[in-house]
Amino acid sequence: MLFRYVVIFLLFSASVFSQDKYIKHVISKGDNLTAIAKKYGVKTKDIENANPNAPKILKLNSVLLIPAKNQPEEVKTTETVAEVIPGSHQVLAKETLWGISQKYKISVEDLKKANPLLENEGLKIGQQIVIPANGSQELQKPIENIQPELVEVLREVMPKETKYAIAKEFGITVVELEKQNPEIRKKLPIGHTLKILISKEKAEAFQASKANQEIKDTNSESIQVADSTTIKKDSTSVIRVSNHSDLINQLIVNATGNIGTRYRSGGTTKAGFDCSGLMYCTFGNFDIKLPRSSIEQSRIGTRVNTDEAQKGDLIFFRTNGRRQINHVGMVVEVVDGEIKFVHSSTHSGVIISSTKEPYYQRSFSQVNRILE
């Protein structure tokens, strides 16, 4: 009986000695020797020596003996340690090997080599996997969803503008535009000031564009009214302007931009022009006011010979056997005595014609210079 107690005592003492010398660690998801060694403050070689029969690939829920000589007083949980292990990644829901490999800029094969268990068990939510040293450290940081700073800009509605065009200008939808400005849902009033919320970058680009446009408008205004005094000469007037050629080119571009628009008696809009209406509208777009009819327009400016005709001059005709002027166009080109002019024809609408055409040769009347 005494012998039995002695044996039990010895076994108990050995057990206590063993517990003092080693700590039992149960393998959980994502564990590897490197992580376990760091957790307990020992070397991986010490763990291997303490577990000579342990398989190279650790099995889930198996037990490892950890040398206790360097064990710190407080041991963090596996989950806590996993979060701070550098070079590791915690698997989230719906993540794939390919997605993780792209995140850290490494190959799927490198991931599998660093984590042999992945071949058999695959990815599991919450699992900690080792990221090889060649993985991008910058991408291990979580991506923050940063909302851009929005600022309010004011935009005045100009004639003939649409909600779609304004929305497109600011990179938003018509629905968003109406949501920010409920008063325009039924109608877009001309001159109304819109309040639009956009990113700071877009707002700066809009303000820069607006400033450039104001500079252009100022320059254009200086061209159009730089010296708007008129010189009376035989009951006619000539408008003297600076930067003469630039203004004439703009007038021609404006007039020819209406080519294809139909003829409409009394018309002065894109819906249709008559001949004098086209000239009235074209010059009016540059704050140069002409009389409304072709006969009245023929009485302003200075009459010049056909061989002196220049771009921007008005050219007049007496068509259909009329005794007085009843048709007008604007000279767009003069080459070898041929004058080409833009006008609104009753049959073809806004077109470019030539004085070499028999019809206009017969009906030609005069050329007037409006600008100098």
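Take the stretch 257-304, drop everything but the C-alpha atoms, weight them equally and run the Debye formula without solvent; then report log10 I(q)/I(0) at 0.15, 0.21, 0.23, 0.27 Å⁻¹ to two decimals.
Rounded to two decimals, the profile gives -0.38, -0.70, -0.81, -1.00.
Taking 20 °C and 1.002 mPa s as the conditions, I'd like the Stokes-Einstein D for the stretch 253-363 in µm²/s, using the Kirkwood hydrodynamic radius from alpha carbon pairs.
Here the translational diffusion coefficient equals 154 µm²/s.
Using θ = phi - 60° and the Karplus curve 6.51 cos²θ - 1.76 cosθ + 1.60, what whole-Hz ³J(HN,Hα) does each residue of the stretch 177-188 get, with Gly and Pro shown as x?
Listing the rounded values in order: 4, 5, 5, 7, 9, x, 5, 9, 4, 8, 8, 10 Hz.
In nm, give the distance between the simple-model label positions of R262 and T302, each being 7 Å from the Cα along the Cα-to-Cβ direction.
So the label points at R262 and T302 sit 4.2 nm apart.
In whole Hz, with x marking every Gly and Pro, tabulate ³J(HN,Hα) for the stretch 35-47 from phi via Karplus 6.51 cos²θ - 1.76 cosθ + 1.60, θ = phi - 60°.
Coupling constants for the stretch 35-47: 5, 5, 4, 5, 4, 9, x, 10, 8, 4, 5, 5, 5 Hz.
Which of the trypsin sites (Lys or Arg not before Pro) found in the stretch 255-350 are loop residues per DSSP with 11 or fewer other Cβ atoms within 10 Å of their Cβ?
Working: sites: R262, R264, K270, K289, R292, R299, R303, K311, R318, R322, R323, K340; in loops: R262, R264, K270, K289, R292, R299, K311, R318, R322, R323.
Listed in order of number, the matching sites are K289, R323.
Could you give the length gained by full extension between T269 and V253, i.e. 0.36 nm per residue of separation minus their alpha carbon distance, to one decimal place? If you can, show how the numbers build up before the last one.
Values: separation 16, 0.36 × 16 = 5.76 nm, distance 1.60 nm.
Computed gain between T269 and V253 is 4.2 nm.
Could you check the simple spin-label distance between K103 and T34, using points 7 Å along Cα→Cβ, in nm with one decimal?
1.8
Given a Förster distance of 51 Å, report the FRET efficiency between K168 and K56 from their Cβ-Cβ distance, rounded to the nearest 0.05.
Efficiency for this residue pair is about 0.20.
Expected output is a single nm value to one decimal: the length gained when fully extending between E357 and K45, i.e. 0.36 nm times separation in residues minus the C-alpha distance. What is it?
102.0 nm
Which order do T355, T269 take by accessible area at a 1.4 Å probe, largest first?
So the residues, ranked largest to smallest area, are T269, T355.
Let's test the formula: R0 of 25 Å, r as the Cβ-Cβ distance of S345 and R185. What FRET efficiency results, to the nearest 0.05?
On the way: r = 42 Å, r/R0 = 1.69.
E between S345 and R185, to the nearest 0.05, is 0.05.
What nm distance separates the two modelled labels at V26 and L65, each placed 7 Å from Cα along Cα→Cβ?
Going by the 7 Å Cα→Cβ label model, 2.0 nm.
Beyond 22 Å between alpha-carbons counts as too far, so tell me which of K289/K311; K24/K113; K179/K200 fall in that bin.
Among K289/K311; K24/K113; K179/K200, the Cα-Cα distance tops 22 Å for K24/K113.
Full extension from S209 to E161: what is 0.36 nm times the residue separation minus their Cα-Cα distance, to one decimal in nm?
15.5 nm
The values are calculated or read from the model by the stated rules, or taken from the named source; none is laboratory data. Note that the structure is predicted; figures quoted are calculated from it, not measured. No Cβ is skipped: glycine too gets one built from the backbone with ideal geometry, and neighbour counts run over all protein chains shown. Areas reflect the complete protein model, heavy atoms only, side chains present, ligands, DNA and RNA absent. Shrake-Rupley method; radii C 1.70, N 1.55, O 1.52, S 1.80 Å.
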